[in-house]
Amino acid sequence: MTMVEPAVVLPGASTEQRTLDLYRAHLSKGRATLAELFGSHMEVASSGAWLETSDGERFLNCGGYGVFIMGARHPIVMDAVLEQLHRHPIATRILLEPTVAEAAEALISVAPNGLERVHFALSGAEAVETGLKLARSHGKRRILATHQGYHGKTLGALSASGKEVYRKPFAPLLPDVTRVPYGDAAAVERELAAHPGEVCVIVEPVQGEGGVIIPPPDYLRQVALLCQRYKGFFILDEVQTGMGRLGHWWGADLAGVVPDVLLVGKALGGGLLPVSAALASRSAFLPFDKDPYLHTGTFSGAPILMAAVRGAIRAVKEERLVTRAMEIGHRILPEIRRIMLANCPELIVDVRGEGLLIGIELVEAGLAGELLIELFNHGVVGNHSMNGSSVVRFTPPAILSDSDINFLLEALDGATRDLVDKRARMPEGSN
């Protein structure tokens, strides 16, 4: 047996240095190196729209990849989870258990009409796997996905994801996967018509990791109709867009469609716990209805997770967070566009968004990284986009106050000015 040497951490090392050393020893050297670009800050606390680092600095959290639609540690979610924690956090899964039934009822109450069944999981990728397995159980052996689409990194979900750099190291993945341009309904029809009754179509209402790509207005409706015409199976991946992120409960509502399966995650756990789900029509869910052991997970529907789901749905309802997401999005998107055009028009391609999913596309990927660092230096956390590397994303919570909004806009103004100044000081030819 080979013994592994423990990480070398110098006595008296700071929290930051100790954490970096432990990351390099046991987690990821690359992740530690990336952290150093952001000053090696370590987040240690969070509340509402703000997070705090080990050195006492506070940052407005407009990142989190869509998790924090209700901010961090929302009191309604916290109360629900703490009550469940002290009573019965994990079930045996032998007996029936009421919290999962109540969470399913709550989720279906806000779902598009026609979706009546729920399978709970933990991660968004697990929800995708659930949807793909439901499609397979109906004989849909072919997958039709989109370029730049993102559905997760487990093998099945990765097979449908649209960036070669993430797929190539793990090939071969699932067979019979075709990708078409996002927003191109004619391309979808060609594939469905070529293989009627055999195809599972998986798309996002707005491509998040693709760089906040918004499709033509009637795209999803056309996809839904084409799936009906050619007996396809329609999966709508709302892991990032659901729970109010787009200013509607679901992108399905915005588009006026009801898929066979709708996937939800990220915000479903209330910014507190990891939970995801696949919502399905009765007919789509039929194979799982017949055999409850066909697709299972040890922690699927765990009581403490279901408490978070019920708390999250209650918080969104009681605080009108769907409406607030729409209102705040309408307020800040034009301001973000104005600031970018005023300060650095030569560096941007587009500013776009829906609700509180907002993207700034820069002329090159390196600029996106530079802007994220400058935003961080001004107290704002944003996101990069894995499949759209030149796009900086904002996914702020729907609980932003007026002062939070002003802080964000002032930080963006300062960050873009500093970015331009920094590039102007660079030696000629190094930009």
- Query: For segment 265-277, what are the residues that are farther than 19 Å from residue 320 by Cα and buried (at least 24 other Cβ atoms within 10 Å of the Cβ)?
  - Reply: 265, 275, 276, 277
- Task: Considering only segment 278-293, state which residues are assigned to a helix (DSSP H, G or I) and surrounded by 23 or more Cβ atoms within 10 Å (Cβ to Cβ).
- Result: 284
- Can you confirm whether segment 149-165 contains a residue that is under 24 Å from residue 225 (Cα atoms), modelled with pLDDT of 95 or more and in contact with a Cys (Cβ under 8 Å, 6 or more places away or on another chain)? no
- Message: Regarding segment 358-366, can at least one residue be identified that is buried (at least 22 other Cβ atoms within 10 Å of the Cβ), under 21 Å from residue 50 (Cβ atoms), modelled with pLDDT of 95 or more and of a type outside the set (Asp, Glu)?
- Response: yes
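Could you go through segment 84-92 and let me know if any residue there is over 23 Å from the mean Cα position of the chain (by Cα), at pLDDT 90 or above, assigned to a loop (DSSP other than H, G, I, E, B) and crowded, with 17+ Cβ neighbours inside 10 Å. Before the answer, list the steps.
Kept after step one, since they are over 23 Å from the mean Cα position of the chain (by Cα), are these residues of segment 84-92: 84-92.
Now restrict to residues that are at pLDDT 90 or above: 84-92.
Going one step further and asking which of them are assigned to a loop (DSSP other than H, G, I, E, B), we end up with 88-92.
If we keep only those that are crowded, with 17+ Cβ neighbours inside 10 Å too, we end up with 91.
Among the residues of segment 84-92, at least one is over 23 Å from the mean Cα position of the chain (by Cα), at pLDDT 90 or above, assigned to a loop (DSSP other than H, G, I, E, B) and crowded, with 17+ Cβ neighbours inside 10 Å, which makes the answer yes.
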- Task: Might you let me know whether segment 93-112 holds any residue that is crowded, with 18+ Cβ neighbours inside 10 Å, at pLDDT 95 or above and in contact with a Leu (Cβ under 6 Å, 6 or more places away or on another chain)?
- Result: yes
- Task: Identify the single condition in (1) assigned to a loop (DSSP other than H, G, I, E, B); (2) within 20 Å of residue 281 (Cα to Cα) that residue 152 does not satisfy, given that it satisfies every other one.
- Result: (2)
- Message: Would you confirm, using the coordinates I've provided, whether residue 241 is surrounded by fewer than 18 Cβ atoms within 10 Å (Cβ to Cβ), touching a residue at least 24 places away in the same chain (Cβ under 8 Å) and of a type in the set (Val, Ile, Thr)?
- Response: no
- Item | Residue that is surrounded by the fewest Cβ atoms within 10 Å (Cβ to Cβ), among those in segment 210-238 that are within 19 Å of the chain's Cα centre (by Cα) and part of a loop (DSSP other than H, G, I, E, B) | 214
- Kindly establish whether residue 34 is modelled with pLDDT under 95, assigned by TED's automatic domain parsing to the domain that holds residue 369 and either surrounded by 17 or more Cβ atoms within 10 Å (Cβ to Cβ) or assigned to a helix (DSSP H, G or I) (or both). yes
- Task: List every residue pair whose Cβ atoms sit under 7 Å apart, with the two residues 6 or more apart in sequence or on different chains, where the first one lies in segment 66-90 and is free of Cβ contacts under 8 Å to residues at least 60 places away in the same chain and the second, anywhere, is part of a loop (DSSP other than H, G, I, E, B).
- Result: none
- Message: I'd like the full set of residues that are surrounded by fewer than 19 Cβ atoms within 10 Å (Cβ to Cβ) and of a type in the set (Gly, Ala, Ser), limited to segment 47-83.
- Response: 47, 54, 56
- Message: Can you confirm whether residue 304 is part of a helix (DSSP H, G or I) and either in contact with a helix residue (DSSP H, G or I) (Cβ under 8 Å, 6 or more places away or on another chain) or farther than 15 Å from residue 107 by Cα (or both)?
- Response: yes
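Condition check ((1) assigned by TED's automatic domain parsing to the domain that holds residue 217; (2) assigned to a helix (DSSP H, G or I)) across all residues:
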position: 311; (1), (2): yes, yes
position: 325; (1), (2): no, yes
position: 338; (1), (2): no, yes
position: 361; (1), (2): no, no
position: 376; (1), (2): no, yes
position: 386; (1), (2): no, no
position: 389; (1), (2): no, no
position: 397; (1), (2): no, no
- Message: Can you tell me which condition residue 334 does not meet? The list is (1) surrounded by 18 or more Cβ atoms within 10 Å (Cβ to Cβ); (2) under 24 Å from the mean Cα position of the chain (by Cα); (3) modelled with pLDDT of 95 or more, and all the others hold.
- Response: (1)
- Message: Whether any residue in segment 136-147 is buried (at least 24 other Cβ atoms within 10 Å of the Cβ), at pLDDT 95 or above and small (Gly, Ala, Ser) is what I want to check.
- Response: yes
- Among the residues of segment 181-200, is any touching a strand residue (DSSP E or B) at 6+ places or on another chain (Cβ under 9 Å), of a type in the set (Asp, Glu), buried (at least 23 other Cβ atoms within 10 Å of the Cβ) and outside any helix (DSSP H, G or I)? no
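So which of 304, 328 is of a type in the set (A, V, I, L, M), in contact (Cβ under 8 Å) with a residue 40 or more places away in the chain and closer than 16 Å to residue 122 by Cα?
When all the criteria are applied, what remains is 304.
The values are calculated or read from the model by the stated rules, or taken from the named source; none is laboratory data. Since the model is a prediction, treat every value here as computed from it, not as a measurement. Don't worry about glycine lacking a Cβ; one is built from the backbone with ideal geometry, like all the others, and counts go over all protein chains shown.
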